[in-house]
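Right, one structure below, let's go through it.
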Amino acid sequence: MNPTLPFPELAERHRVREPKRNLARRVFSFPVAISGVLSALAVLTARARFNDPDLWWHLKTGQFIWNHHQIPTTDHFSFTANSQAWIPHEWLAQLAIFTAWRIGGNTGLMLALCAVASAILIAGYALCAAYSRNAKVAFLGALIIFVFATSGFSIRPQLLGYLLLIVELGIFHIGRSRSAKWFFALVPLFALWVNVHGSFFMGLVVAGVVYACSFFQSEAGALLADSWRPTQRKILGTALVLSVLATLLNPGGIRQVLYPLDTMLRQPINLASIEEWHPLALNSQRGVCLLAILGSIFLLMVLRKAEIYLDELILLALGLWLAGSHERLVFVFGILAAPILSRMLAGLWDDYIPERDRILPNALLLVLAGVAIVAAFPNAKNVVGQIEAQNPVKALEYLRAHPIAGNMLNEYQFGGYLIWAAPEHPVFIDGRADLYEWAGVLGQYTAWSGLQADPRTLLDKYRINLCLLSAQSPMVHAMALLPAWKQVYADSNAVLLQRITPLQ
């Protein structure tokens, strides 16, 4: 047994082949062709995902950082939570989002989305290929990541966070199979990650699981634990200590490091009221896929005597718990499960042999992928159509033509767009649910929009003269019953209601 190899049963596959290949064979190799296919798949999916409600306040925050050369630590965009302390835990990703917009406008944002989505699938494919030593089976692993990643393909910092999770898993694999010095790459990774997205905390948990399991050496049926060499474990332990210290390199200090715990433990209204934080429905498409993957792993262990390692089992359980608790985290389950299943399936399909590569089929596949990418990439008109389909664009045009003074209460999903497109109207609420929960506004708004209280109480408390609501909101019908209010504008997207006698 070679102790530097993470999976002894794949030792034969770890013999590095170095065929003499010319440039054409390298450019038009099977892995490159598959990467092209995955990029096309990413673009075909992301092309209709431009308009996420949270995009706009992320974009505005990035603009604030760019223009003021400082990272905001209080709210600047609302009148209900103005000056409320805020943890800018995604500031670097927000600055990157604004930079993409500043360079290329909406097209720049779409290019960035397609590029990061493609990078996730290609990096996932590379991880599965390295983990299984089978470039063919790894394509299935990449498709597994794709199925669950579609839950989060949008222009938001979390996309970068999940890309960094794949990078972390890749560092662990290289550090175990090549040189333990690679573990020190975790230090700059976490220094970057903590400023990009709160998923860095999950990365620390993953690192802790891998480190803890490195002490065990046992075999119990299909469950194996493969103890690491002391030097490997020592280097990883040192790298993890430095990585934890590196997370302190952020503008929020220890509060930013602990922010993910605050979300999970101290934001009950946020977790209960925002749909993406709800538990995954097992009868949904992704729920069925999750069960199918778990079933496949179980059957491989029973029927083919496939082995699962202790760290794999714990990470799989972690991914299952996260996905079962919060729908948005099925993305993480896909990333954790794909390489495990790929390794188990590695022996069922002949491995890719570079010497047998066929240039013409690979080149044709790349050309077709390139054509699909170019044809699918949305033009400016398409992007504008996506924006208008989800946001109160026409309602804002009406407001600019017919100004109404006073505070405006807006629909939750409209808040981000208002911050970006109508800064002259400070918002009542937007996608920064954490901020509004800390300020006490989220609970009040949830009760109001759910008709759990007299709607006039909130409207009077915040001296609201105007309401901008979704055309599908139940509050539109409730407001129509209030004698002090009248509807002044409506379209298929939004409804404007004005107080008949404005409050001063």
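The condition of being assigned to a helix (DSSP H, G or I) and either at pLDDT below 95 or under 30 Å from Trp86 (Cα atoms) (or both) holds for only one of Ile269, Ile235, that being Ile269. Given the structure, is Ala119 buried (at least 21 other Cβ atoms within 10 Å of the Cβ) and either touching a strand residue (DSSP E or B) at 6+ places or on another chain (Cβ under 9 Å) or part of a helix (DSSP H, G or I) (or both)? No, not satisfied. Among the helices (runs of 4 or more DSSP H) confined to the range 1-103, the ones with at least 1 residues that are at pLDDT 95 or above are located at 30-46, 55-68.
Would you confirm whether any residue within the range 302-310 is in a helix (DSSP H, G or I), surrounded by fewer than 18 Cβ atoms within 10 Å (Cβ to Cβ) and in the same structural domain as Ser214 (by TED's automatic domain parsing)? Even if it seems obvious, please write down each step before you answer.
Restricting attention to the range 302-310, the residues satisfying the condition of being in a helix (DSSP H, G or I) are 302-303, 310.
Now restrict to residues that are surrounded by fewer than 18 Cβ atoms within 10 Å (Cβ to Cβ): 302-303.
Among the residues that remain, those that are also in the same structural domain as Ser214 (by TED's automatic domain parsing) are: 302-303.
Checking the range 302-310: at least one residue is in a helix (DSSP H, G or I), surrounded by fewer than 18 Cβ atoms within 10 Å (Cβ to Cβ) and in the same structural domain as Ser214 (by TED's automatic domain parsing).
For Asn106, the conditions (1) in contact (Cβ under 8 Å) with a residue 24 or more places away in the chain; (2) more than 30 Å from Phe64 (Cβ to Cβ) all hold with the exception of (2). Considering each residue of the range 349-372, count those that are hydrophobic (A, V, I, L, M, F, W, C), surrounded by 13 or more Cβ atoms within 10 Å (Cβ to Cβ) and modelled with pLDDT under 90, and give that number. Summing the residues that are hydrophobic (A, V, I, L, M, F, W, C), surrounded by 13 or more Cβ atoms within 10 Å (Cβ to Cβ) and modelled with pLDDT under 90 in the range 349-372 gives 2. Out of Ser214, Ser227, Ser179, one residue alone is among the polar types (S, T, N, Q) and in contact with a helix residue (DSSP H, G or I) (Cβ under 8 Å, 6 or more places away or on another chain). It is Ser214.
What do you reckon, is Ala421 within 24 Å of Ala471 (Cβ to Cβ), among the small types (Gly, Ala, Ser), within 26 Å of the chain's Cα centre (by Cα) and surrounded by 14 or more Cβ atoms within 10 Å (Cβ to Cβ)? In short, yes.
Does Ala421 count as within 30 Å of Leu320 (Cα to Cα), out of contact with any Pro (no Cβ under 6 Å at 6 or more places or on another chain) and at pLDDT 95 or above? Here the answer is no, as Ala421 does not meet what is asked.
Only a single criterion out of (1) in contact with a helix residue (DSSP H, G or I) (Cβ under 6 Å, 6 or more places away or on another chain); (2) under 28 Å from Ser132 (Cα atoms); (3) assigned to a helix (DSSP H, G or I) is not satisfied by Leu291, namely (1).
Residue count for the range 265-276, restricted to those that are surrounded by 14 or more Cβ atoms within 10 Å (Cβ to Cβ) and within 22 Å of Val205 (Cα to Cα): 2.
The condition of being assigned by TED's automatic domain parsing to the domain that holds Met202, modelled with pLDDT of 95 or more and buried (at least 20 other Cβ atoms within 10 Å of the Cβ) holds for only one of Ala292, Ala338, Ala317, that being Ala338.
Could you run through the range 146-193 and say how many residues are free of Cβ contacts under 8 Å to residues at least 12 places away in the same chain and assigned to a helix (DSSP H, G or I)?
We begin by selecting, within the range 146-193, every residue free of Cβ contacts under 8 Å to residues at least 12 places away in the same chain; these are 179, 182.
After this cut, where a residue has to be assigned to a helix (DSSP H, G or I) as well, the list is 182.
Number of matching residues: 1.
If the condition is being free of Cβ contacts under 8 Å to residues at least 40 places away in the same chain and hydrophobic (A, V, I, L, M, F, W, C), then the range 50-81 contributes Phe64, Ile65, Trp66. Restricted to the range 44-73, and to residues that are surrounded by fewer than 23 Cβ atoms within 10 Å (Cβ to Cβ) and of a type in the set (Val, Ile, Thr), which residue is farthest from Ala372 (Cα to Cα)? Taking the candidates together, the pick is Thr73. For Pro279, the criteria (1) touching a residue at least 40 places away in the same chain (Cβ under 8 Å); (2) of a type outside the set (S, T, N, Q); (3) surrounded by 18 or more Cβ atoms within 10 Å (Cβ to Cβ) hold in every case but one, which is (3). One residue is enough: does the range 468-489 have a residue meeting the conditions without any contact (Cβ under 8 Å) to a residue 60 or more places away in the chain, polar (S, T, N, Q) and more than 21 Å from Leu396 (Cα to Cα)? No. Given the structure, is Asp226 surrounded by 13 or more Cβ atoms within 10 Å (Cβ to Cβ) and in contact with a Leu (Cβ under 9 Å, 6 or more places away or on another chain)? In short, yes. Can you tell me how many residues in the range 426-460 are under 18 Å from Gln84 (Cα atoms) and of a type outside the set (A, V, I, L, M)? Number of matching residues: 13.
The values are calculated or read from the model by the stated rules, or taken from the named source; none is laboratory data. Keep in mind it's a predicted model, so treat the numbers as computed, not measured. Backbone-built Cβ (ideal geometry, glycine too); neighbour counts: all protein chains shown.
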